[in-house]
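Trainee: Provided herewith is a single structure, encoded as structure tokens, for subsequent inquiry.
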Amino acid sequence: MPNVAGRRGFSVQQSELAGAVAMVTGAGQGIGAAVTRALVAAGATVAAVDRNPGPLAELADELSGRPGDPASGGPASGGPVHPYLLDVSDAAAVESTVELMERQLGPVGILVNVAGILRAAPAVELTDRDWADTFAVNTTGVFHTSRALGRRMAERGGGVIVTVGSNAAGVPRTGMAAYAASKAAATMFTRCLGLELGRSGVRCNIVSPGSTDTEMQRALWQDDAEAAERRVIDGDPADYRVGIPLGRIAQPADVAEAVAFLVSDRARHITMHDLYVDGGATLRA
């Protein structure tokens, strides 16, 4: 099977996921959009989920050649990306949306949980709302989507779930207590799910990025991008952070490539695994 270079740095096996239907949450930007591109490049049809309609329509336009209609699960015909408006923290909405996309697209055999938010603050200064909102999306959202599709996958005898976590789930970070705790919870939930569903042929894994060039990352930077990026790469002893041994911040495509591998048959004997994609930043502590 020929190796083809996809857009934005992807190198995938053409048609590796041909015929597969995937659901990607947080697909409107950053890592979620990159995962959508990678899965489309591998031949999958993608139900792209986000709560912001504008980025979803743009992504459908980019990959399908025509704008999609997130309200109805567009595009109207033929494209590989079908956008759906959804807040993953709403359990009833998740169930109804999954039912809708399976009626429109067929059985969903791949779920990639990317949707996430970050409320940065010292732990003792976090508000109740910051904590609750962070867990509602990063943890409970993963539970809602994984429950809805995990049950269906198990009944069908196969499927793949990948949760995009964070290296902060395994290494303490200053100013990121809610985010790190929510990602740690989502990571362990996904591993437990993989244990329970393994005999049904469902694989569940985690991809844990480090610093990645996304809007979420850049929102943390207080000065110009070049200086902030250099500080992340070099490390910051005042915040107890080592640098990145590989000497670069990840691009969303780097994370998406790891996801594309784990959802493919190349990873058919891998489950409950947490794959760090952080350039060595945590020293895999």
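Trainee: Return yes or no: is residue 186 touching a residue at least 60 places away in the same chain (Cβ under 8 Å) and assigned to a helix (DSSP H, G or I)? Working first, answer last.
Mentor: Working: touching a residue at least 60 places away in the same chain (Cβ under 8 Å): yes; assigned to a helix (DSSP H, G or I): yes.
For residue 186, the condition - touching a residue at least 60 places away in the same chain (Cβ under 8 Å) and assigned to a helix (DSSP H, G or I) - is met.
Trainee: Scan segment 100-123 and tell me whether some residue there is more than 27 Å from residue 184 (Cα to Cα), in a helix (DSSP H, G or I) and either among the hydroxyl-bearing types (Ser, Thr, Tyr) or at pLDDT below 95 (or both).
Mentor: Step one: of segment 100-123, the residues more than 27 Å from residue 184 (Cα to Cα) are 100-107.
When the remaining residues are screened for being in a helix (DSSP H, G or I), the result is 100-105.
Checking the rest, the ones that are also either among the hydroxyl-bearing types (Ser, Thr, Tyr) or at pLDDT below 95 (or both) come to none.
No, segment 100-123 has no match at all.
Trainee: Could you list all residues from segment 125-158 that are within 25 Å of residue 201 (Cα to Cα) and of a type in the set (Phe, Trp, Tyr)? Can you show your working first?
Mentor: First, pick out the residues of segment 125-158 that are within 25 Å of residue 201 (Cα to Cα): 139-158.
Result: 143, single match.
Trainee: Same structure again: If a residue must be farther than 19 Å from residue 284 by Cα, in contact with a Gly (Cβ under 9 Å, 6 or more places away or on another chain) and in a helix (DSSP H, G or I), how many such residues does segment 143-178 contain?
Mentor: So the answer is 6.
Trainee: Tell me which residues, restricted to segment 240-274, are over 12 Å from the mean Cα position of the chain (by Cα), assigned to a helix (DSSP H, G or I) and among the small types (Gly, Ala, Ser).
Mentor: 267, the sole residue that qualifies.
Trainee: Take the residues in segment 31-55 that are surrounded by 24 or more Cβ atoms within 10 Å (Cβ to Cβ) and either of a type in the set (Gly, Ala, Ser) or free of Cβ contacts under 8 Å to residues at least 12 places away in the same chain (or both); name whichever of them is farthest from residue 163 (Cα to Cα).
Mentor: Filtering first and then ranking leaves 41.
Trainee: Additional query: Any residue at all in segment 276-284 that's among the aromatic types (Phe, Trp, Tyr) and part of a strand (DSSP E or B)? Give the derivation first.
Mentor: Step one: filter segment 276-284 for residues among the aromatic types (Phe, Trp, Tyr), giving 276.
Add one more test, that the residue is part of a strand (DSSP E or B), and what stays is 276.
Within segment 276-284 (the criterion being among the aromatic types (Phe, Trp, Tyr) and part of a strand (DSSP E or B)), the answer is yes, since at least one residue qualifies.
Trainee: Something else: Could you run through segment 2-29 and say how many residues are over 20 Å from residue 136 (Cα atoms), at pLDDT 95 or above and not in a loop (DSSP other than H, G, I, E, B)?
Mentor: Total meeting the criteria: 2.
The values are calculated or read from the model by the stated rules, or taken from the named source; none is laboratory data. Model, not experiment: these values are computed from the prediction. Here Cβ is always computed from backbone atoms with ideal geometry, including for glycine, and neighbour counts include all displayed protein chains.
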